[in-house]
1. Give me a count of the residues in the range 160-186 that are of a type in the set (Asp, Glu) and buried (at least 18 other Cβ atoms within 10 Å of the Cβ).
2. Whether any residue in the range 113-121 is over 30 Å from Pro66 (Cβ atoms), free of Cβ contacts under 8 Å to residues at least 60 places away in the same chain and exposed (fewer than 15 other Cβ atoms within 10 Å of the Cβ) is what I want to check.
3. Please tell me if Val868 is within 53 Å of the chain's Cα centre (by Cα) and surrounded by fewer than 17 Cβ atoms within 10 Å (Cβ to Cβ).
4. Residues of the range 765-806 being out of contact with any Leu (no Cβ under 6 Å at 6 or more places or on another chain), charged (D, E, K, R) and within 17 Å of Val845 (Cα to Cα), which ones?
5. List the number of the failed condition for Phe752; all other conditions in (1) of a type in the set (A, V, I, L, M, F, W, C); (2) surrounded by fewer than 15 Cβ atoms within 10 Å (Cβ to Cβ); (3) in contact (Cβ under 8 Å) with a residue 60 or more places away in the chain hold.
6. When Gln325 is evaluated against the numbered criteria (1) over 27 Å from His429 (Cα atoms); (2) out of contact with any strand residue (DSSP E or B) (no Cβ under 8 Å at 6 or more places or on another chain), which criterion, by number, is the only one it fails?
7. I need the full set of residues from the range 223-264 which are part of a helix (DSSP H, G or I), basic (Lys, Arg) and surrounded by 22 or more Cβ atoms within 10 Å (Cβ to Cβ), in order please.
Amino acid sequence: MLMPQDPYDFPIELQCKPLALVGLTGLDIINNAIHRAIWEAFSNNIRSDRASVQFKLLDSAHEYPPVKPKRNSYDWYIPKGILKRNWMNKHLNEVPAVVVIFYELDWDDVLWNEKKIECSSRVQSVRASLEGRNTRIAVILIQQTAPLPSGEDMLAAERATALCTSCELNPKSLFVLPHGDHLLGYTLRLENAFFDLAQNYYHHEARNVRSHRDHLNKITHQYLFVRHLFKMGFLNELKQQDNNTAHKHYTQAYNHLLEIRMVDTNSLEIKTVAGFINYKLCKLMFMLNLPRDAIAQFRKHIELFKSRVGPRELAFQHSAWISKQFSVFGDIFDEAIRQGLPALQTQHPGFYYQQAAQYAVERKQTCLDLCQNVTTYPEPDPLSGWEHLEFYGQRAWRPGKLSAEPPDPAKEKSGILALQYIEKFHTNHSTVIINLLGNAISQFKTYRCPRMRRHLVVQMAEEYYSSRDYTKSLTLLTHMLWDYRSERWWPLLTNILTRSLSCAYLSVNIQDYVMLSLEALGTCVQLPSEHKTRIFNNLNNVLQKCPPEPEPGLPPTELASIRDLWFIACKAEPLAITVDMSNITACVESKARFTQAQYKADQMVHIEVFIRSCCPHPMQFSRLSVTVNNPSYSSEFAVCESTAGPHPSNPLLLFEANEVKRFVCQFVPDVQDVGKEIQISSILLHLGLETERYAVLRFNGTSGDSASLDVTCPELQHFRPSPQNMPDFDNIRPLGTAEIVPRDSQIEVEVFHESPALLGCWYPVQVTVVNKETQRVLGLTLDVNLKTSEEDPNVEQATQVCENVNGDLISLPMQLAVGDLDVDGTQTKKFYLRAHRVGTRNVIVKVTYKVLLVRNSEQFESSCLKEVTINIPVVKPFDITAKFFSLKFEPIAKAFAKEPFIVMPYVSCTSPIPLIIENSSVELCQHISTVDSELKSQLVDLRLKSGDTGAEAFCIVVDQPSDQPVALGVYTLQWNREGSNDPVTSSSVTMPTLRVEGTPLYIEMIMPAHGWVRTPMAVSYHIRNHTSRLLDLDLNMEASDAFMFAGHKQLELRILPESIRSLDYNLYPLLSGLVALPRLHLSVSDKSDSPIKQPQLTEILDRSLPAHVYVMCDCTPAHYGNYYLMKSTPTSGSSMGEQVSPDLTPLDFLEGTPQSTVHPPEDIVARIHAVLTTVDVDSLRPVYT
């Protein structure tokens, strides 16, 4: 007996996407690598923008399906069926729309004529094999060289015309394919050309079918109307660009099909074809973005055919057909959603899969009703030859018979009996139902419909139970029990729990059977008392290694084998069964709590444990224990145990119905638990004897029973009646955690420090510990740590600590060992702290030690802790700024390369504690040098108090200009607190940047600091050329009424590159006072192309040369003419060289020296230092008379 194909399945050619078929011939992909590359380029192209074309490789001797003889008239033609089984496959996979002939031929081939004839013969051979069909023929010439642009290769145009004439080929069907680097691009263009040819073919075929339809009449050719319209729709689908036309033809075919009179003999064929057309219609509507129309069409389709059952003996086929319709529509809907169609929670594929599953269940039930008496398969086989049927949906015992012909009763009966036999013995209904339910569950899960999903899961579990796969059914039901417990659907929970018990019994699962029995004995499960009594006895039997009694309603055929399996399982290991009670509504409930939230290290810890039994029968437990854990370990403490003996029992662990008992567990906290939090991890209640089999009921110790009613409405529990003389179990609030704190410390801790701490300076802190305990303390240590805050969470990274400033740094927390300390003993420890960021440091000093305590004649160590917090503000000791001046003591915002200038750092003291400056230094950057050969600090041993400012100056030169601001270097101060013996603190700051520009010329004037009337004074001018070119300049010395001078008044200068020109003058002062000097003028020579411009030259002269000099009228040192120093009384607390106003400039240091005086750069710093160390700067006042 051959199994017939399921008549409800849709053929593959109907479900696949219709693609135009293009045959390729003339390629030898086995022996020719070029041909193989061409074939792979066509067949492996998976680009998204490729044409909808399917390629098939054909050999030269390929035989095409024969052509049917053309019918001139349909007057006497009676169709035998609606839709032929081979027609779609023929046009999809057998009859190509285009046949492409490949031939290797170059335009300049030496054997052109011979190959042209051979190519022509191949074309004629293919055309002969396709005689009677409208298949398009194309020729591709495989060439070695790329073709020239159109119109340039006259030989190619001439020979292409000759080849088309020889082959009787349209010139648009001749192509050239060079095999080179751009093969994929050529094949893509060829695909589009083949697609256009295929469109013409399918358009012509559709017109031919339409011409046949004109000869039909609706009396005898109703089948042909449906067939021809279906063909036209299918051919328009193959065109890929005319889905609207295809939809119109399928709609007309569907309407014509509805006009056919349906009887039992043709019902299967009509429903089969109707399902095919409806599939095409719905799929096209989704493609045309008409989802509402597709859903409406499907609903209409189901309503039209739902009542057309067909033969009553084969009613299961009708249910299978409707189930298939829903399933296929769900697939189409799901595919449309994956393509971007939005779906709703109330309209998605899950509903259609669910309906398909319901009709599959109906099919199964109908089969059980109709096929219960079928036991044998009829002979001879009435279904033989089903695989060769010509039309879809016809019966194998009457193929091609019209509905009007009376059926053979004997054959009909035999065929129906064969189909019933196959349906009963060879159809796995459960697999079909489970697969459909699985698809529906995944959809409802995707669209967040949890209750619908749970409902379907329960249905799937029932189907597994029906198929006798009890393990999978139990797995699904136990998962659903948790969900129904959380939503408190007690009637549903009761039904599922009853089925779960049956599955656990049939699968011989002791673990789940015990757990489900404990839950079934609870008050939430709505079972009769006699059922609970039976479950209670079965639970005791299992714990006593005896098999339980069968659950009611089990199949009697399996009871004997299942009971034997229970005998084996009851004797097997392991004997202990652990049941997690945290997620089930069992007949035993437990709560535990600490009596207080904190316990001292020398105090007993008490835990109260409350047990309530809701079982309607007395329950005897054998052991009760509590597990307590902390972050490091866990410990189990026994609360109550049974006595030893042949029948161990403990009356305290015997619970009557609804009885509540309280137990107390006490223990001494471990030394390691001090400062930590302990937690009640679990409560372990043993049911049964360890000598037989026992169940360990594990309750969660932190929150009690999560499934109990008081979790949902705790405020309502106060209104529930509680038995007298029993704890009020419902109103007990668990306390699952407690903290172990140290015992009260009697140690005195004193901290000494001088606030505030200075930024970057080691700050000493002294801690003194005095033992006021009544006994010697052991292992005393100091733990130093920082307290973080939200404002500064990374304070530890900006703070350093050590025990000795000359030793290594210690990471936080720092531990200082003190050792043992006698009664009234004193010990002092000192540590240092250095902060790198201002703010407040909250230093925590923890003093930890141990004392010996005696409890119950046992001596043990107890840890003690004393904590002290120190608030240390951190302030800046000083602010350092810097200013820049020229050699004329004028503030500058930029400097010039190779011109010296003055840098003056200011140190402003902000510390409330006086500071001593030990030393200062400057580390200059690259390309920066000092004028002096050695820089000496001018602030050594300077004392600064809050508000004071110290300053020093040094002269530097930048070697080269820069486009970016130049970093000068780092200024370092070495300082300490006044009166401190701690090591010196070094603080470094980066000096501000300065723009440095280039200058082509630098002029330096060397002259005395002042002159005397009628006394000659020597003056020298040094002109430096910083360029790489020769400078031609004109010099002119301007006359002055205050001086006579000897030297060049006019001169033409030529200064070599990178050289110096010196000019010497003797000046003879005629007047005293602040006298204007003769002005030196330089101008660019007109005879040369100088790199310097006149405005730039004038700026250099104004910047470099002084304008005045002070001339004395008398040589007496005590008289300085009209300009002298006037000392005022020093202010209180000031001293020479200690403090300087931050607004002073170098001019204030050099009072008595006229502004016009210019000194050599190497002499400037020394003169400033001399004034700083000898003159009280605050008392300097310039006075003019």
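The values are calculated or read from the model by the stated rules, or taken from the named source; none is laboratory data. Everything numeric here is computed off the predicted structure, so don't read it as measured data. Positions of Cβ are backbone-derived with ideal geometry, glycine not excepted, and every protein chain shown enters the neighbour counts.
1. Residues meeting the conditions: 0.
2. yes
3. yes
4. Listed by number, the residues that qualify are Asp783, Lys787, Glu803.
5. Among (1) of a type in the set (A, V, I, L, M, F, W, C); (2) surrounded by fewer than 15 Cβ atoms within 10 Å (Cβ to Cβ); (3) in contact (Cβ under 8 Å) with a residue 60 or more places away in the chain, Phe752 violates only (3).
6. Condition (1) is where Gln325 drops out.
7. Arg227, Lys231
Listed here are the residues, each with its yes/no results for (1) farther than 28 Å from Gly1011 by Cβ; (2) of a type outside the set (Gly, Ala, Ser); (3) surrounded by 15 or more Cβ atoms within 10 Å (Cβ to Cβ).
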| site | (1), (2), (3) |
| --- | --- |
| Ala1046 | no, no, no |
| Tyr1065 | no, yes, yes |
| Gly1073 | no, no, yes |
| Arg1079 | no, yes, no |
| Asp1102 | no, yes, no |
| Val1109 | no, yes, yes |
| Cys1113 | no, yes, yes |
